[in-house]
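Structure record follows, encoded as structure tokens.
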Amino acid sequence: MRQPPLRPPSRWTAGPAVLLVLACVLWAGSSVAAKVALSSSSTIPPGKVGPFLLAAVRFGLAGALLFAFCRWRGYWRPIPSRDRRAFVALGTFGIAFTYGVFYGGIRFTTATETTLLVAAEPVLIALLARAVLGERMRATQISGMLVGLAGVYLIVMRGLTPTLQGTAVANAVVTGALVFEALSSVIGKRLTQSYPGLQVAALGMLIGAAVLLPFAVHETIAHHVGLPGPVEVLAIVYLTLVCSALCYGIWYLLLPRFSLSSMAAFLFIQPVLGPVYGYLLLGERMGIWTILGGGLVMLGVWLVAAYTESGQSRGRTT
């Protein structure tokens, strides 16, 4: 893919900030919705769906909606062959791999812990933005990354001593998926310098759904998956229309205009509301290591976000 120079980021104003806050508030419920739709074991009982099927349906339908909207509004540009591999990478790693693995892991952990782990994504994005996009980082930002990673460790391992049992493995799987999602944010940022953001989102989702499709078919046949129940259907609709079509649409609509690191800082909203959703809708409780780890993650994210704008390269993801 050709590497056009990044446009200087715009300054945040009330309108875009409110839109992104809204997206993050709605995104915070995505882990709860996924827990409702998915089974909580390696088998798939009646009324539930598997991780590959959920990801394929969610992003296939959302991608189709965004594609239709882009064609209707004229937000579409021809894609030369030199950029096609980048779109394939975005869909494969940012959608198929990320959510196939993410949904596989979330079945065996809590929505609360998943949301707190997601809060580490801005730290990962800041690191990749420095390495790939050339954004400068100050000592405070580096300290914030280390603090955030320490918090992730406590959540993943449920304590100071490393363990590879039960929920710890699931949390590690979820964390691995977030690394790939952070990488896809950098790819998406590059692509939005040449293409409309909604086009990038639509193609990424459609390619990801296509990659997931054979796995979803195999999963459905192997586990004799039937139709989802009414509550599960509502959860899938929420993930498709709200979390994907709307929230990802907002993210990619703003991505060409603002620095990736500053946008990622808004994800800090999710660990604040995610545990609330988990408590109200699923009755989840947080253990002491989850609380301590979540506090470190939030502190780390704040340290990174607070100095992002002043630490950026003056010449210069979600």
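The values are calculated or read from the model by the stated rules, or taken from the named source; none is laboratory data. Note that the coordinates shown come from a computational prediction; the quantities given were computed from them, not determined experimentally. Cβ atoms come from the backbone with ideal geometry, glycine included; neighbour counts cover every protein chain shown.
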Of a type in the set (A, V, I, L, M, F, W, C), touching a helix residue (DSSP H, G or I) at 6+ places or on another chain (Cβ under 7 Å), at pLDDT below 90 and surrounded by fewer than 22 Cβ atoms within 10 Å (Cβ to Cβ): does that describe Phe108? yes
Restricting attention to the range 207-232, report how many residues are farther than 16 Å from Leu281 by Cα, assigned to a helix (DSSP H, G or I) and either of a type in the set (A, V, I, L, M) or touching a strand residue (DSSP E or B) at 6+ places or on another chain (Cβ under 6 Å) (or both). 10
Say whether the condition of being in contact with a Phe, Trp or Tyr (Cβ under 6 Å, 6 or more places away or on another chain), among the hydrophobic types (A, V, I, L, M, F, W, C) and assigned to a helix (DSSP H, G or I) is met by at least one residue in the range 271-289. no
